[in-house]
Amino acid sequence: MHGANLGTLLRTCDAVGACLAVPPWRWVDEAVARGNTLRRPSCVHRVGNPLSWLAAQRSAGARILGVELAEEAVRLADLPPARHRTIVVLGHEATGIPAEALDTLDAAVEIPMVGTGLSLNVAVAGSLVLYKLAGLL
């Protein structure tokens, strides 16, 4: 919901050796730049059609993991480190991952919450999952 979150997420991607893939919308580029405080170029992929890109990544052998509340979601604490290329799909903090993208997921991970909020912002949720997948938590 807040543009600077994408730049913050890009910093986490850099910290764990990952890349950030984003759709080529003008507001996305501005949001990534706004929150990015890295002093060198970062690994950012601009993907024209996210659903087609996810399908191509799966065909190339990547595992597609969504951060979403779902029936068979794995709790973050139980998520094992990634053993091969893994794509993490994050949705809007208010509406989640779009239904058409849910069909592309191999698995879902949920981040338990005890407070009154319904979700975490994309930077926090993505950072938690990336550190866990990298084996750094």
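None of the figures in this text is laboratory data; all of them are computed from the coordinates on show. Note that the structure is predicted; figures quoted are calculated from it, not measured. Reconstructed Cβ throughout: ideal geometry from the backbone, glycine too, with neighbour counts over all protein chains shown.
Counted by Cβ distance under 12 Å from residue 87, the other residues give a net charge of +2, where Lys and Arg count +1 and Asp and Glu count -1. Averaging the sequence gap over all C-alpha pairs within less than 8 Å and six or more residues apart, then dividing by the number of residues, gives the range 4-133 a relative contact order of 29 percent.
Decide, for the range 7-61, between rounded, prolate and oblate: order the square roots of the alpha carbon gyration tensor eigenvalues as a ≥ b ≥ c, take rounded if a/c falls under 1.5, and otherwise choose prolate if a/b is larger than b/c, else oblate. List each step's numbers first, then the result.
Working: a/c = 3.12, a/b = 1.48, b/c = 2.11.
Here the range 7-61 falls in the oblate category.
When cysteine pairs in the chain are screened for C-beta atoms closer than 4.7 angstrom, the residues that find no partner are 13. Computed over the Cα atoms of the chain, what is the ratio Rg over Rh, Rh following Kirkwood? Expressed as Rg/Rh, it is 0.93.
Coupling constants for the range 41-58 follow from the phi torsions by the Karplus curve (6.51 cos²θ - 1.76 cosθ + 1.60, θ = phi - 60°), and in residue order they are x, 10, 8, 10, 9, 9, 10, x, 10, x, 5, 5, 4, 4, 4, 5, 5, 5 Hz; glycine and proline get x.
Highest mean packing first, where packing is the average number of other Cβ atoms within 10 Å per residue, the peptides 15-23, 79-87 line up as 15-23, 79-87. Placing +1 on each Lys and Arg Cβ and -1 on each Asp and Glu Cβ, with no other charges, gives the range 4-133 a dipole about its Cα centre of roughly 680 debye.
Karplus-based coupling profile of the range 99-115, in residue order and whole Hz: 3, 5, 7, 4, 5, 8, 6, 7, 7, 10, 10, 10, 9, x, 9, 9, x, with θ = phi - 60° in 6.51 cos²θ - 1.76 cosθ + 1.60 and x standing for Gly or Pro. Since only 37, 92, 121 are under comparison, the one whose Cα sits farthest along the positive direction of the charge dipole of the chain, derived from C-beta charges on Lys, Arg, Asp and Glu, is 37.
Would you please put 45-51, 114-120, 89-95, 125-131 in order of how densely packed they are, using the mean number of other Cβ atoms within 10 angstrom per residue and starting with the highest?
Numbers: 45-51: 12.6, 114-120: 9.9, 89-95: 15.0, 125-131: 20.6.
Going from most to least packed, we get 125-131, 89-95, 45-51, 114-120.
Determine the calculated [θ] at 222 nm for the chain from helices alone, applying -39500 (n - 2.57) to every DSSP H run no shorter than 4 residues and normalising by the residue count; nearest 500 deg cm²/dmol. It would help to have the intermediate numbers written out before the result.
Details: 5 runs with 49 residues, N = 137.
Roughly -10500 deg cm²/dmol at 222 nm, from the helical runs in the chain.
Per-peptide packing, taken as the mean over residues of other Cβ atoms within 10 Å, places 64-70, 106-112 in the sequence 64-70, 106-112 from highest down. Between residue 26 and residue 94, the contour length at 0.36 nm per residue exceeds the alpha carbon distance by 22.4 nm. Toward the positive end of the charge dipole of the chain, with +1 on the Cβ of Lys and Arg and -1 on the Cβ of Asp and Glu, the farthest Cα among 109, 15, 56 is that of 15.
Centre-to-centre, using Cα atoms only, the range 5-32 and the range 75-137 are separated by 15 Å.
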